[in-house]
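Student: I am attaching a structure below and will ask some questions about it afterwards.
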Amino acid sequence: MTDSLSGPQIDQRSKAKPRRALTLRLAAPRGFCAGVDRAIQIVELALKKYGAPVYVRHEIVHNQFVVESLRQKGAVFVEELDEIPETNQPVIFSAHGVAKAVPAAAKSRNMFAIDATCPLVFKVHNEAARHFAQGLDILLIGHDGHPEVIGTIGQLPDGAVKLIETAADAESYQPPAADKLAYVTQTTLSVDDTAEIVAVLKRRFPAIKEPGKEDICYATTNRQAAVKAIANHVDCMLVVGAPNSSNSLRLVEVAERAGCPKGLLIQRAKDIPWDVMDAAQAVGITAGASAPELLVNEVVAALEARYEVSIESVSTADESIAFNVPRELRDVAAADP
């Protein structure tokens with residue numbers, strides 16, 4: 001005798017609609033670069049060595065999840081030094097770099113400052129200073145208002161650096177002396193946009209001095225190349241990153257210019273646009289240089305919970321670069337398991 005209850009239940013399960021297939025193409029490299037990893041490590045090591053609070057001027061990197069995680073451990077984030085009370089605790093400068101006036105102000109208050117500026121940003125600072133010492137006018141290719149740009153401009157006297165944001169700016173710029181020019185760039189720019197601007201400058205000013213090695217950092221270049229490799233093989237590109245992260249925003253632009261119908265910046269899995277996903281057959285995923293891999297994993301898990309997912313990793317480069325932490329923290333770094 002057939003069980004009248006179990007029969008219909010089995011039939012119902014057998015008729016359940018299978019989950020729709022979705023291909024995920026994961027770009028590699030993605031996520032943390034060596035400069036970001038170093039900056040976060042500096043805050044964590046300072047907390048371990050000196051205890052809380054540790055003060056950080058500006059977001060240590062542009063990612064709210066990272067900032068909140070460090071805040072929970074005892075980091076206190078401020079925008080300006082005058083927000084910090086009199087203290088013997090460390091004051092850390094963010095990975096983006098600061099104008100010379102900032103460490104000078106910290107010194108005037110006898111603050112214990114630790115600089116987490118990315119070494120590749122330091123390289124740009126040093127280039128600008130060297131060109132200035134040679135009597136050259138400095139052009140900085142970058143985005144107005146970005147902390148890295150503010151820091152680079154602030155390495156030199158007021159008016160010594162001219163900001164060039166677009167090819168149109170490069171076309172219209174009138175130098176005091178066409179044979180006494182040099183340029184440097186923000187490290188997180190679009191490789192293609194920067195090449196276009198540089199081409200204009202070189203055409204107009206053939207004698208312009210350029211960096212000995214490209215200023216756009218290896219991580220920015222590698223992440224953009226990985227996105228280009230999959231952009232025209234997906235219906236949508238999800239870029240895990242922050243809205244104030246220059247390199248993350250550039251990845252969205254690069255994806256669309258390379259043939260992806262839609263590039264979208266999301267901070268967490270909760271930001272996934274399900275209407276777009278439901279219409280896609282293949283989705284690309286990458287992450288800006290300040291976004292931790294666990295946020296990528298969170299996005300993948302959310303997609304796996306909704307679709308029958310197959311995952312392909314598309315790698316265009318291997319990265320093994322690491323930067324030393326400042327001398328003040330090397331003892332505790334060496335003691336870390």
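Student: In the list 329, 249, which residue meets the criterion of being among the aliphatic types (A, V, I, L, M), within 20 Å of residue 222 (Cα to Cα) and surrounded by 13 or more Cβ atoms within 10 Å (Cβ to Cβ)?
Tutor: Numbers: 329 fails: within 20 Å of residue 222 (Cα to Cα).
The unique qualifying residue is 249.
Student: From the list 169, 235, exactly one residue is closer than 29 Å to residue 294 by Cα, in contact (Cβ under 8 Å) with a residue 24 or more places away in the chain, surrounded by fewer than 24 Cβ atoms within 10 Å (Cβ to Cβ) and over 16 Å from the mean Cα position of the chain (by Cα). Which is it? Write out each step before concluding.
Tutor: Numbers: 169 fails: closer than 29 Å to residue 294 by Cα.
Just a single option satisfies the conditions, and that option is 235.
Student: Of all residues in the stretch 127-161, which are without any contact (Cβ under 8 Å) to a residue 40 or more places away in the chain, within 16 Å of residue 194 (Cα to Cα) and not hydrophobic (A, V, I, L, M, F, W, C)?
Tutor: 144
Student: When you scan the stretch 181-199, do you find a residue that is surrounded by fewer than 14 Cβ atoms within 10 Å (Cβ to Cβ), more than 30 Å from residue 320 (Cβ to Cβ) and either of a type outside the set (Asp, Glu) or modelled with pLDDT under 95 (or both), even just one?
Tutor: Scanning the stretch 181-199 turns up at least one residue that is surrounded by fewer than 14 Cβ atoms within 10 Å (Cβ to Cβ), more than 30 Å from residue 320 (Cβ to Cβ) and either of a type outside the set (Asp, Glu) or modelled with pLDDT under 95 (or both).
Student: Let me ask another. Let me confirm something: among 84, 164, 114, which residue is in contact (Cβ under 8 Å) with a residue 60 or more places away in the chain and not aromatic (Phe, Trp, Tyr)?
Tutor: Values: 84 fails: in contact (Cβ under 8 Å) with a residue 60 or more places away in the chain; 164 fails: in contact (Cβ under 8 Å) with a residue 60 or more places away in the chain.
Selected residue: 114, the only one of 84, 164, 114 that is in contact (Cβ under 8 Å) with a residue 60 or more places away in the chain and not aromatic (Phe, Trp, Tyr).
Student: Scan the stretch 139-160 residue by residue and report those that are of a type in the set (A, V, I, L, M, F, W, C) and closer than 18 Å to residue 200 by Cβ.
Tutor: 139, 140, 141
Student: Looking only at the stretch 259-310, how many residues end up being closer than 30 Å to residue 41 by Cβ, without any contact (Cβ under 8 Å) to a residue 40 or more places away in the chain and part of a helix (DSSP H, G or I)?
Tutor: 8
Student: I need the full set of residues from the stretch 238-260 which are under 20 Å from residue 311 (Cα atoms) and over 18 Å from the mean Cα position of the chain (by Cα), in order please.
Tutor: Narrowing the stretch 238-260 to residues under 20 Å from residue 311 (Cα atoms): 238-240, 255, 260.
Listed by number, the list holds a single entry, 260.
Student: Can you tell me which residue is farthest from residue 101 (Cα to Cα) among those in the stretch 125-166 that are among the polar types (S, T, N, Q) and surrounded by fewer than 17 Cβ atoms within 10 Å (Cβ to Cβ)? Write out each step before concluding.
Tutor: Restricting attention to the stretch 125-166, the residues satisfying the condition of being among the polar types (S, T, N, Q) are 126, 134, 152, 155, 166.
If we keep only those that are surrounded by fewer than 17 Cβ atoms within 10 Å (Cβ to Cβ) too, we end up with 126, 134, 166.
Numbers: 126: 16, 134: 22, 166: 28 Å.
Per the stated criteria, the residue is 166.
The values are calculated or read from the model by the stated rules, or taken from the named source; none is laboratory data. Note that the structure is predicted; figures quoted are calculated from it, not measured. With ideal geometry, Cβ positions are generated from the backbone for all residues, glycine too; neighbour counts draw on all protein chains shown.
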